[in-house]
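Participant: Before I ask anything, here is the structure I am working with.
The values are calculated or read from the model by the stated rules, or taken from the named source; none is laboratory data. Here the structure is a predicted model, which means the values were calculated and not measured. Counting neighbours? That spans all protein chains shown, and the Cβs are built from the backbone with ideal geometry, glycine included. Accessible surface is based on the protein model in full, side chains and every heavy atom, while ligands, DNA and RNA are left aside. Shrake-Rupley method; radii C 1.70, N 1.55, O 1.52, S 1.80 Å.
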Amino acid sequence: MKKSLLRAALLSMMCFTVALLHGQSGATPVDDPFLWLEEVEGPRALAWAQAENEKTLGLLQSDPRYDRFYRDALTILQAKDRIPFVSLKRQGLENFWQDESHVRGFWRRTTLESYRGQDPRWETILDFDALALAENKNWVYKGHSCLGRRCLVKLSDGGKDAVSIREFDSEAKSFVAGGFQLPEGRQSVSWIDRDTVLVARDWGEGTTTEAGFPFVLKELKRAQPLDQAREVFRGQHTDFKTLPFVLREGWMDVTGVVRQINFFERQYVLFGPAGPIELDLPKKALIVGIVSGRLLVKLDEDWIRSGDASFKAGSMISYDLAEWKQDPLRAKPSVVFQPNCRQALSGFGSTRNFLVLTILDNLQSKAFVYRYDQGAWLATPVPLPKNATVSLSGTSAQNDEMTFTLSNYLTPTSLWYFDVESKRLELLKTAPATFDASKHVVEQLEATSRDGTRIPYFLVRPRGARFDGSTPTLLYRYGGFQIPLLPS
């Protein structure tokens, strides 16, 4: 990774902050003196951002510590012994990797047996550096979604929000001739079947929200021109954006749209045989998947159904999928997980037959697998090491395997593999230690606010620290976007 690229990343972060402060987040008053910043790629806005970036870099680079900090950061970014995190796919373990010789990165795969070794044998699926060179483009990879071997790959020219989407065969390792190809734009796409996709994008004047995202969803067939795509849903200009919504379990597919009203609130609309159906879920709810014939929903607000049960914010609930598809407005949900006052649902995923949840219990991480059996969800703890932040990093849709990432303040990050059926728990990878942690200790303490709320926090300190006010202390916290700051 070249020095200029790290600098470009820093500048991009600065420009992104400017866009958040002055960008298209809603209606702008006519007398706004910064209205010219709305045109984020306009000459005046770019010149202003560049001038501010130069001012900031000048201040940073004049500090005598700058070069050392810069080299340290670059060494960390380019470290070859960092863990190559993987997703569990049909053809093996897949990974996206970047280093100093693969600045744009490449999509690759290996087998579990090979991955267990010190030097796995990787098979390249798509090299984005080579693609950019061949096409003379500044391609930045933005992810992909697959239906079998066919994948829709998102490519951004220079890293902007707008992406081009192209169909790719992950087994032939080539783009599909005559395949789906969507020109650049802020857009989202989901497979319905091999020859049909749902697309939300800018379809022309009057089809984007005040925030600049699409609110019109259309169905596009293979080889069909974009201007002939069939409109299936239209949100509102004042929404944040509209997203296609497709879930599948065997033959029981669920297709619809998510109308994102704002950052936290959404409305689900199901495409039924008699027409669209607006689901009666609360606005702060998220449909997360299907497991064992049950539709799973995460609630981010309390929900009291008229004449029915009530559910607490932070709960996971489920519906019988067959009953729900027959009449989604009358189907009755039941609780999968409901937190107490010191718990929070921190992560979720699913394998072929199991639901996987990671839970914070007074900020201590725990993982559980849930099986639906004879009308009830049964939870089994995953026997991972304690006193670490547990993140679900991968699940397999083909079998009942999963991976977890463990981290805390003083122990290097590790990657664990768990097979539910065999109950085999295995340490796959550990990052190297980069400092001597033996001289430090971590304590979990609590502060009590004026209203009596107990607020947990962690103290990382030298073992011999004196509590007389002489120890320099860094206070840090974060609470935005409902994202907790956990030990790592």
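Participant: Please list, in chain and number order, the residues 5+ apart from LYS429 or on another chain whose amide H is under 5 Å from its amide H, with Hs placed from the backbone.
Facilitator: Amide H to amide H, under 5 Å and 5 or more residues apart or across chains, LYS429 pairs with LEU415.
Participant: Please report, ordered by residue number, every helix of the chain (full DSSP H runs) that is 27 Å or longer along its axis going by C-alpha atoms and whose mean Kyte-Doolittle hydropathy reaches 1.0. Before the final figure, lay out the partial values.
Facilitator: Working: long enough: 3-22 (29 Å, 1.38).
Within the chain the helices that satisfy the rule are 3-22.
Participant: Let a ≥ b ≥ c be the square roots of the eigenvalues of the Cα gyration tensor of the stretch 84-227; is it rounded (a/c under 1.5), or, if not, prolate (a/b larger than b/c) or oblate? Mind dumping the intermediate values first?
Facilitator: Working: a/c = 2.20, a/b = 1.68, b/c = 1.31.
Here the stretch 84-227 falls in the prolate category.
Participant: Grab the other residues whose beta carbon is less than 14 angstrom from that of LYS142, score K and R as +1, D and E as -1, and report the net. It would help to have the intermediate numbers written out before the result.
Facilitator: On the way: positive: ARG104, LYS137, LYS154, LYS160, ARG166, ARG186; negative: ASP157, ASP161, GLU184.
Summing Lys and Arg as +1 and Asp and Glu as -1 gives +3.
Participant: Say R0 is 35 Å: what FRET efficiency, to the nearest 0.05, do LEU60 and GLU443 get from their beta-carbon distance?
Facilitator: Result of the calculation: an efficiency of 0.55.
Participant: Continuing with the same structure: Counting only C-alpha contacts under 8 Å and six or more residues apart, can you give the relative contact order of the chain as a whole percent? Before the final figure, lay out the partial values.
Facilitator: Details: 899 pairs, mean separation 31.8, N = 488.
Contact order relative to length: 7 percent.
Participant: Another one. Rounded to the nearest 0.05, what FRET efficiency do ARG371 and ALA130 have when you use their Cβ-Cβ distance and R0 = 30 Å?
Facilitator: So, using R0 = 30 Å, E works out to roughly 0.10.
Participant: Taking the alpha-carbon distance from LYS241 and a cut-off under 12 Å, which aspartates and glutamates remain once sequence neighbours fewer than 8 residues away in the same chain are dropped?
Facilitator: Output for LYS241: ASP202, GLU210, GLU265.
Participant: Another question, then. With the Cα gyration tensor of the chain giving a ≥ b ≥ c as the square roots of its eigenvalues, does the rule (a/c under 1.5 for rounded; else a/b larger than b/c for prolate; else oblate) give rounded, prolate or oblate?
Facilitator: Rounded.
Participant: Suppose the chain between GLU123 and LEU475 were pulled fully straight at 0.36 nm per residue; how much longer would it get relative to their current alpha carbon spacing?
Facilitator: Gain on stretching GLU123 to LEU475: 122.3 nm.
Participant: A further question follows. Please go through the stretch 345-446 and write out the GluC sites (Glu not before Pro) that DSSP classes as loop and that have at most 12 other C-beta atoms within 10 Å.
Facilitator: Sites meeting the loop and neighbour criteria: GLU421.
Participant: Report, ordered by chain and residue number, the lysines lying within cross-link reach of LYS160, taken as a straight Cα distance under 16 Å and ignoring same-chain residues fewer than 8 apart.
Facilitator: Answer for LYS160, where 16 Å is the Cα cut-off: LYS137, LYS142, listed by chain and number.
Participant: At a probe radius of 1.4 Å, what is the per-residue accessible area of HIS237, in Å² to the nearest 10?
Facilitator: 100 Å²
Participant: Right, something else. Would you mind counting up the charge near GLU171? Only other residues with Cβ under 15 Å from its Cβ, with Lys and Arg at +1 and Asp and Glu at -1.
Facilitator: That sum, taken over residues with Cβ under 15 Å, equals +4.
Participant: Let me have the 222 nm mean residue ellipticity of the chain computed from DSSP H runs of 4+ only, each contributing -39500 (n - 2.57), with the sum over all residues rounded to the nearest 500.
Facilitator: Roughly -4500 deg cm²/dmol at 222 nm, from the helical runs in the chain.
Participant: Related question: Within the stretch 285-402, what is the number of lysine pairs with alpha carbons under 23 Å apart, leaving out pairs fewer than eight places apart on the same chain?
Facilitator: Values: LYS298/LYS312; LYS298/LYS325; LYS298/LYS332; LYS298/LYS366; LYS312/LYS332; LYS312/LYS366; LYS366/LYS386.
Lysine pairs meeting both conditions in the stretch 285-402 amount to 7.
Participant: What list of ³J(HN,Hα) values in whole Hz, one per residue of the stretch 265-279 in order, does the Karplus curve 6.51 cos²θ - 1.76 cosθ + 1.60 (θ = phi - 60°) give from phi, with Gly and Pro shown as x?
Facilitator: 10, 8, 10, 9, 10, 8, 8, x, x, 9, x, x, 10, 7, 6
Participant: What accessible area per residue, rounded to a whole number of Å², is obtained for the stretch 331-488 using a probe radius of 1.4 Å?
Facilitator: About 60 Å² of surface per residue is accessible.
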